[in-house]
Each structure stands twice: as structure tokens, then as C-alpha cells.
1. What's the magnitude of the charge dipole for segment 1-68 around its Cα centre, counting Lys and Arg as +1 and Asp and Glu as -1 at the beta-carbon? Answer in Debye, nearest 20.
2. Assuming a ≥ b ≥ c are the square roots of the Cα gyration tensor eigenvalues, decide whether segment 57-191 counts as rounded (a/c under 1.5), prolate (otherwise, with a/b larger than b/c) or oblate.
3. Using the beta-carbon distance between Cys153 and Asp40 and R0 = 35 Å, what value does 1/(1 + (r/R0)^6) give for FRET efficiency, to the nearest 0.05?
4. Between Ser128 and Asp107, take the C-beta separation as r, use R0 = 35 Å, and let me know the FRET efficiency to the nearest 0.05.
5. May I ask you to sort His110, His127 by Cβ crowding, counting other Cβ atoms within 10 Å and putting the fewest first?
6. Round to the nearest 0.05 the FRET efficiency obtained for His164 and Gln143 when R0 = 22 Å and r is the Cβ-Cβ distance.
7. Between Ala33 and Glu175, what is 0.36 nm times their sequence separation minus the Cα-Cα distance? Round to one decimal in nm.
8. What ranking, highest mean first, results for peptides 95-106, 134-145 when packing means the other Cβ atoms within 10 Å averaged over each residue?
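Every number here is computed from the coordinates shown, using simple stated rules; none is lab data. Small disclaimer: the values here were computed from a predicted structure and weren't measured. As a convention, Cβ positions derive from the backbone with ideal geometry for all residues, glycine included, and neighbour counts pool all protein chains shown.
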Amino acid sequence: MTALDDFLRACEREIARRLPGQPKQDVLAAGHAAFQAALDASEPIDVRRQSIPVAEHLRHGAAAPLLAAAQAAGPELSWVASSRLDDNGTEAGLAPLNDVRDLDRSDWGHVQCGLMLLRPNGTYPLHSHPPQELYLPISGYGQWRYGGSTEFCSLAPDALVYNHPNDVHSVVAGEEPLLALYILWSDRSDG
Ligand SMILES: [Fe+2]
């Protein structure tokens, strides 16, 4: 077990802890199960790690229980700039976990997940995609547009975020860096 494995397991347990009483609890539970199965079956991928400027903000996140575990896993993450921004990786970045772990070995379906990191007051732009999506907010507060709403709003402290397939969604960080885990999943029959 590496620090990244420890962090991913901690994220999986945190999603399970937050599930009871969430809106969309049933579908979020399916996302949790797909993530858990993907972790169980995963294998490390040996790749050269890359970084981008925004990754520096991982060291300065607002105190949060999972942040220390994410920081410990930092050397195992590989960061890329978002193709949805023209910021050279200074405002927002992604650390796709499928680049460092083979997460597509379970029978539960396709899982694509990673970390999203925003600098203070940074924006991850409006976007949509066919797979449904679960976000586990880890550190920092922001304004989120999600779940089919056209409004941006704050989240409750232990919230999980759910986007239906093709929901237009976005998040704007507050005064602290914002770190979240995203999980996209679909059944094998969805292709
Ligand atoms: Fe998304």
C-alpha cells in the first residue's frame, strides 16, 4: 500500500460516511460501489509524473481531514492542465487517477476519476459529459453549479455532489484552494 492507496481508501470511506441522507443517495451509493470495486481490482501504472503550477496549491489547502492524506500522496499524482481552460495549468488542474492506476478492471463498469484542484478564486468552467459524476469535496469552499440547477450555491460541510448525465456544471473556488475528487462511472453496457 502506498500513500496514494491510503488516500484513495480514505476517500472511499469518506464517501460511504457521507452517503446517508444525501439527496440522490441511491445513485451516489452506486457510484461509491463502482469506485470501491475499481479500487479493489486496480493495479499501479508506472508512469513519469508531471506537474503544473496550480499543483503547488495542494500544499496550502484549507485544513480538512482528507487533505493531509492527499498531500502525502502528492508525489504519486500526475497533473495535467484542463483542456477546457487556456491557463497553462495556473488556475485549475486535474490529476487523473486512471493515469497512475488501472481502474478499469472491475466488472462494475467504467470508472474514470481524479483530483480537481483550483487556486483561490479559480474557476473550473461550465462543462458537461455523458457519464454521470460524483464529486467528493475535500478541501476549500466554493460555489458549485450542479445536478441540473442553473444556479451556483454553497455546499453543506459533508455534501456530495451529483451530476446526471449531461448536466452542465462548474465550480468557483473561494479564498482557499479547492480540492475535490471526481468519479465518472457508467455500466459496461453503456460502452
Ligand atoms: Fe464534470
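1. 260
2. oblate
3. Numbers: r = 34 Å, r/R0 = 0.98.
Rounded to the nearest 0.05, the efficiency is 0.55.
4. Values: r = 27 Å, r/R0 = 0.78.
The value I calculate is 0.80.
5. Exposure proxy ranking, most exposed first: His127, His110.
6. Working: r = 20 Å, r/R0 = 0.89.
Plugging the Cβ-Cβ distance into 1/(1 + (r/R0)^6) gives 0.65.
7. Working it through step by step, the gained length comes to 47.8 nm.
8. Going from most to least packed, we get 134-145, 95-106.
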